[in-house]
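Structure first, commentary second.
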Amino acid sequence: MATIQEAMAAAVAHHQAGRLAEAAAMYHAVLDAMPGHADAAHLLGVVHLQSGQPDRAVTLIRGAIQHSHRVADYHDNLGSALKALGRLEEAVTAHRQAIRLRPDFAQALYNMGNALEALGRLEEAATAFRQAAVRRPGYARARFNLGNVLAALGRRTDADAAYRAAIADDSGFVEAHANRGGLLLSLGRPQEAAAALARALALRPDHAAALANLAAARLALGDRDGADRAARHAVAARPDLPATLLRLGEVRQHADRLGAAADAYAAALAWDPALAEAHANLALVRQSQGLLDAAEAGNRRALALDHGLADVRSNLAYLQLFRPGVTAAAVLEAHRAWDAVHGAPHRGRWVKPGRGSSGAAAGKGPLTVAILSGDFRRHPAGLFALRTVEALPEHDVRLLLYANQTEADDVTDRFRKAAARWTPVAGLTDAEIATQIRHDRPDVLIDLAGHNARGRPGVFARKPAAVQVAWSGYMATTGLAAMDALVADRHHVPDGMESFYAERVLRMPDAFIAYDPPGGEEILPLTPPPSLSGGPVTFGSFNILTKLNDGVLAAWAAILERMPDARLLMKTKALSCPATAALWRDRLAAAGIDPDRVTMVGASSSLDHMRWCASVDVALDPFPFAGSTTTLETLWMGVPVVTLPGETFSSRHSLAFLTVAGVEGCIAADPADYVERAVALAADPQRLAEMRRSLRPRMAGGPLCDGGKLAAALAAELRGLTAPR
């Protein structure tokens, strides 16, 4: 037999070459000849660890330590074997002993970091990875894992620095490029994210996670075709990975391909039925398709799987606004349920009165008003607030605008010009935004979104400003104990309804918003009612499908029965989806409406949308969630809107706008009256023609478009809120 030294050298050579079976045989031979040979026992244990037998590895390495307990490598590899067995606390102890024996042992620090991370002790893991990187310059893997832990801790800027350091150490580190791309995406930096992900994909073209994130980046950049290609490539690379199917669903959803999106989410759930995000996303698809029960069921399933999903609980509260027969009390209860879970934990850290940034409360300076919104753009919430925001500085108001968006347009430019300071926050967490606002110390913080998409109720729940006000973008109480006031008017919140709002109600003199219409006669010329040309009367609905229910369809069926030659136009972006349009043709037929009498139109540009509004004689408002933007757009085109208000804020938009505009005869008391008023309007072509001529100038010259008047009233109310009590 060869000498022990020669046998060990041969075994190690086999081991280093990956010939584990040959190495194991020679280590066994050494141990047969010398049972106490610590190196042979240790390395045989390592072979078993590498072969997926960590239990045997632990036994062998512990034997080696018994014979030679001061060898750091033995303790380090023991820790790795214990971690593989899930014995994480023992693993940390073993790695720590290796570091005691060799303080500069970078690999042991790295391995200890992995065990600490698995235990959820992320701060300690970050320290271990950081120390490993210091002790071994160029240790890309340690810097990479540090980035992962820092990202999990929410320290995303530090995580980005760690990923960049890992890439500097190893420019071909695919996962570092891929994870950095995902991080940049979460930071609201899609252009940089796309570049980082492209570098990962240049190294590994079929990297499914990078492809999925590239799809999201392309979507954020407005490149829907590129997003679709990346998402399909991701699914082709890993059809068994639910994350790729989720991304494909999101891309299709944004393209209004709702049926295809639902199929992708269903496929993700087939792989993982407990995937809360897929249930939540599928619920949003069903909501867009007008399938309210399915949407609610999906949201509840998502919450059952993950109780902490604040966005899903927001969606549940929002869905209550669409329920036939909904009461103001039920709306308040649903929104307070959100606050009980997501708001209550922050109540002990609210900013107290008296911490305002200026001397405005004492009459010594301008009122500093901060506004947080994701809709400083051509969006209903932005168009409702724009004229008023532009006029607020004329009333000694200093504006700080926090933009929760990455895109910009002409409306964004106008908001920027009105602001004393413009702060992008799309990539920040709720906690980070709240910290920024606390630092800026505004007198008042205004919310333009509530529980809608891009809303950040988690920021307002933290109450980073002493006075917080909800306005314009959400059509209900927020339910937040931290929200001090709600901007409304007497039409939306009549006297006696205050108890159904978590906030103090601030009633503006006319409407609670000032509309910024898209242009005058040169852009959108007024046209006569289409029925004046001898064609059939056309009724129209331009609202989202979620607002349509059996009661609405029954009223429409009664109208069309009374006017057998009349037609119905339905236009909303969800009808761009063939599967959704087919679903609604069936639903109309079941309600007694011949689908052949209905024209369905999907998404279009905003100007074309308004031209479609002009193609009807009478618009039919849904109930109990009335139109808001759609009503204003339709009125701007000279078309009357028949509405049936209820007691909730969201049921009374059209009532408010019609009343302020001075339009009579359109507000119904019950479904039968709704039918009568629609038929009467359609049968009076001269009245329709007069409305075509008079509605727009009446709106343009009245309170509905008077941002200056509303700004004066709003500024006075905000000053009153900040005055010493």
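Of note:
- Residue among Pro724, Ala403, Tyr265 farthest towards the positive dipole end of the chain, charges placed on Cβ: Pro724
- Taking GluC sites (Glu not before Pro) across segment 516-599, the ones in a DSSP loop with at most 16 further Cβ atoms lying within 10 angstrom of their Cβ are Glu521, Glu522.
- Note: relative contact order over the chain, using C-alpha pairs below 8 Å and six or more positions apart, is 8 percent.
- Amide H within-cut-off set for Arg504, under 5 Å, with H built and near neighbours excluded: Ala485, Leu486
- Working note: 222 nm ellipticity from helices only, DSSP H runs with n ≥ 4, each -39,500 (n - 2.57), summed and divided by the residues of the chain, gives -17000 deg cm²/dmol to the nearest 500.
- Ala195 paired with Arg438, simple spin-label distance in nm, labels 7 Å along Cα-to-beta-carbon: 3.4
- A cut-off of 5 Å between modelled amide H atoms, ignoring neighbours fewer than 5 places along the same chain, links Asp489 with Met508.
- Normalised by the number of residues in segment 571-611, the mean separation of alpha-carbon contacts (under 8 Å, six or more apart) gives a relative contact order of 53 percent.
- Principal-axis tilt of helix 380-391 within the chain, Cα atoms, nearest 10 degrees: 80
- Phi angles of segment 68-77 translate, via the Karplus equation with coefficients 6.51, -1.76, 1.60 and θ = phi - 60°, into HN-Hα couplings of 8, 8, 10, 9, 4, 4, 4, 5, 5, 6 Hz per residue; Gly and Pro are given as x.
- Helix 38-50 and the longest principal axis of the C-alpha atoms of the chain enclose an angle of approximately 30°.
- In terms of its alpha-carbon gyration tensor, segment 1-148 comes out prolate; a/c meets the 1.5 threshold, and the first ratio a/b outweighs b/c.
- Classification of segment 65-131 by its C-alpha gyration tensor yields an oblate form. The axis ratio a/c (a ≥ b ≥ c) is 1.5 or more, and b/c is at least a/b.
- Potential extension, Glu664-Asp409 segment - 0.36 nm per residue separation minus Cα distance: 88.2 nm
- For segment 538-591, the set of chymotrypsin sites (Phe, Trp or Tyr not before Pro) satisfying both a DSSP loop assignment and a count of at most 12 other C-beta atoms within 10 Å is empty.
- Here the relative contact order of segment 312-451, from alpha carbon pairs under 8 Å that lie six or more residues apart, stands at 28 percent.
- Once volume of the Cα convex hull per residue in Å³ is calculated for the structure shown, the corresponding label among (1) 172; (2) 155; (3) 404 turns out to be (1).
- Just the protein heavy atoms count here, and of the accessible area of segment 356-495 at 1.4 Å, carbon and sulfur take up 47 percent.
- Solvent-accessible area assigned to carbon and sulfur over segment 236-322 amounts to 54 percent, based on a 1.4 Å probe.
- Entry comment: accessible area of the chain is 39 Å² per residue, from protein heavy atoms only and a probe of 1.4 Å.
- Between Glu522 and Ala591, the contour length at 0.36 nm per residue exceeds the alpha carbon distance by 20.8 nm.
- Spin-label pair Ser533-His69: with each label point 7 Å from Cα along the Cα-Cβ axis, the two points sit 9.7 nm from one another.
- Degrees, to the nearest 10: 224-237 long Cα axis against longest axis of the chain: 40
- Amide H partners (placed H, <5 Å) of Val601, local residues excluded: Met570, Lys571, Thr572
- Overall form of segment 491-570 per C-alpha gyration tensor (a/c, 1.5; a/b vs b/c): oblate
- Percent carbon-and-sulfur accessible area, segment 568-725, ignoring ligands, DNA and RNA, probe 1.4 Å: 55
- Of Lys352/Lys417; Lys547/Lys573; Lys417/Lys573, pairs whose Cα-Cα distance is over 24 Å: Lys352/Lys417; Lys417/Lys573
- Solvent accessible area, Å² - His28, 1.4 Å probe, full protein context: 80
- Computed from backbone phi with θ = phi - 60° and the Karplus coefficients 6.51, -1.76 and 1.60, the 3J(HN,Hα) list for segment 554-563 is 5, 5, 5, 4, 5, 5, 5, 5, 5, 10 Hz; x is used for glycine and proline.
The values are calculated or read from the model by the stated rules, or taken from the named source; none is laboratory data. Small disclaimer: the values here were computed from a predicted structure and weren't measured. Virtual Cβ from ideal backbone geometry, glycine too; neighbours counted across all protein chains shown. Just the protein is used for accessible areas: all its heavy atoms, side chains included, with ligands, DNA and RNA removed. Shrake-Rupley method; radii C 1.70, N 1.55, O 1.52, S 1.80 Å.
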